[in-house]
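Student: Next up is a structure, given as structure tokens.
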Amino acid sequence: MVVAGVILLCAAADAQTVTVDARQVAAQSGDPGQLQRIVWETHVAAGQNEVMAVYVVGPRGGTTVGARSIGFALRTGLSGVPSWTEGLIPDDSAGNPITGPGGIQFPATSPDKNLYVAHFLQLRPNQPPGRLRFAVGKDAVDPDDAKVEFFRIKDPNDVPVKLTLNHPIVNNPPDPPLAPGTFRIPTIPEIAIDPDDANSMYLVYSDTATSSPSDKDMNIYFHKLTKQDSSGVVWTLGPRIGPINDDSSAFESDQVMPTITVANGRIHVVWYDDRKYNETSNQADGAANPKYDVFYASSTDAVTFSSNEELFANPSETALDLSLTTTLSEMGDYIGVSAFGDTVYALYTGTKQNAPGDDSVIYSTRIEHGQ
């Protein structure tokens with residue numbers, strides 16, 4: 001495996017003619033009459049005939065803890081006449097909308113022409129555990145039949161299950177912090193669909209091993225989900241695998257904000273990681289100006305993962321050192337990974353070394369397998 005790191009400055013493309021179709025596809029989140037509601041945090045996925053946009057819906061001034069739902073706009077084209085359908089993603093088979101603070105993940109495209117999205121319901125302390133939910137956007141010959149619906153997960157014995165987290169809130173002041181930093185670190189599930197197997201979905205998220213209040217060691221966990229039928233509304237949840245991170249247990253270190261993709265039979269996972277730094281006051285949970293690096297692991301069987309690789313051009317340096325910048329106060333909320341064939345690209349927020357006060361930068365690391 002070859003790992004190469006670069007600073008991403010800009011991207012250029014050859015001049016070409018493009019057709020732009022700009023239109024409003026969602027107004028007030030598909031919630032007529034709620035004129036004081038706003039939408040934000042939009043993500044999109046495209047399939048052969050359809051496009052699904054998902055976004056957070058919430059009251060003005062309540063973007064952090066207010067009651068929120070997940071809106072969708074589904075562009076369908078099987079009828080030959082593209083049209084947009086919009087609404088709120090339901091939370092259950094009765095069609096009730098999702099409510100409560102939480103976040104969404106980037107939607108994933110499937111070769112079965114369905115589009116999938118995961119949602120995290122972020123509950124407050126002293127409430128039931130936060131849980132992960134999933135929805136599927138389905139195209140149809142008749143645009144009126146196109147929809148986004150909640151889908152159910154079951155265990156291998158066909159018993160319905162709810163996927164809950166031990167510690168659903170990582171860093172979200174004023175809640176007690178579980179990782180270095182004074183900024184929020186969202187617990188947002190990431191999913192990927194195998195482009196060669198529409199029946200396989202992969203999920204990663206950060207969590208502690210137990211629900212004990214004293215367990216503050218955040219790790220990266222993984223599940224494989226297997227589709228039970230062609231409808232895509234029932235999936236079997238495989239066992240929780242992990243931690244994927246292979247850091248030493250000599251002291252607490254934290255792994256957060258994972259992202260995932262799959263290509264050519266290999267699953268790729270990238271995350272922020274502070275394992276290289278002793279648990280000093282600068283790296284204590286909730287401490288200001290911490291340091292994080294970015295690590296990578298892969299799997300070809302969805303059971304075992306490779307030894308972790310640090311993704312930085314110079315491993316002796318730090319990818320993200322918040323003491324070096326006056327312009328960056330968070331980790332950027334999201335990192336990204338994409339793969340084609342045996343080539344993988346990771347994208348993440350970083351800082352320049354030995355240059356206090358400089359602006360933050362975006363790093364890209366290329367990983368080559370089979371060499």
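The values are calculated or read from the model by the stated rules, or taken from the named source; none is laboratory data. Remember, predicted model here, so these are calculated numbers, not experimental data. All Cβ positions, even for glycine, are placed from backbone atoms using ideal geometry, and neighbour counts span all protein chains on display.
Student: How many residues, within segment 241-253, are at pLDDT 95 or above and in contact with a Phe, Trp or Tyr (Cβ under 6 Å, 6 or more places away or on another chain)?
Tutor: 2
Student: Another question about this same structure. Can you give me the ranges of the strands (runs of 3 or more DSSP E) entirely in segment 293-371 with at least 3 residues that are buried (at least 21 other Cβ atoms within 10 Å of the Cβ) and at pLDDT 80 or above?
Tutor: By residue number, 343-350, 361-368.
Student: Hey, another quick one. Collect the residues in segment 232-250 that are touching a residue at least 40 places away in the same chain (Cβ under 8 Å) and either polar (S, T, N, Q) or part of a strand (DSSP E or B) (or both), keeping them in residue-number order.
Tutor: Residues satisfying the conditions are V234, W235, T236, L237, I241, N245.
Student: Which residue, of T210, T226, T261, is touching a strand residue (DSSP E or B) at 6+ places or on another chain (Cβ under 7 Å) and farther than 18 Å from I188 by Cα?
Tutor: None of the other options fit; the residue is T226.
Student: If we keep just the residues of segment 171-210 that are within 16 Å of the chain's Cα centre (by Cα) and among the hydroxyl-bearing types (S, T, Y), which is surrounded by the fewest Cβ atoms within 10 Å (Cβ to Cβ)?
Tutor: It comes out as Y202.
Residue-by-condition table, conditions (1) in contact (Cβ under 8 Å) with a residue 40 or more places away in the chain; (2) out of contact with any helix residue (DSSP H, G or I) (no Cβ under 9 Å at 6 or more places or on another chain); (3) more than 22 Å from R366 (Cα to Cα):
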| position | (1), (2), (3) |
| --- | --- |
| N264 | yes, yes, no |
| W271 | yes, yes, no |
| G286 | yes, yes, yes |
| T300 | no, yes, no |
| S316 | no, yes, no |
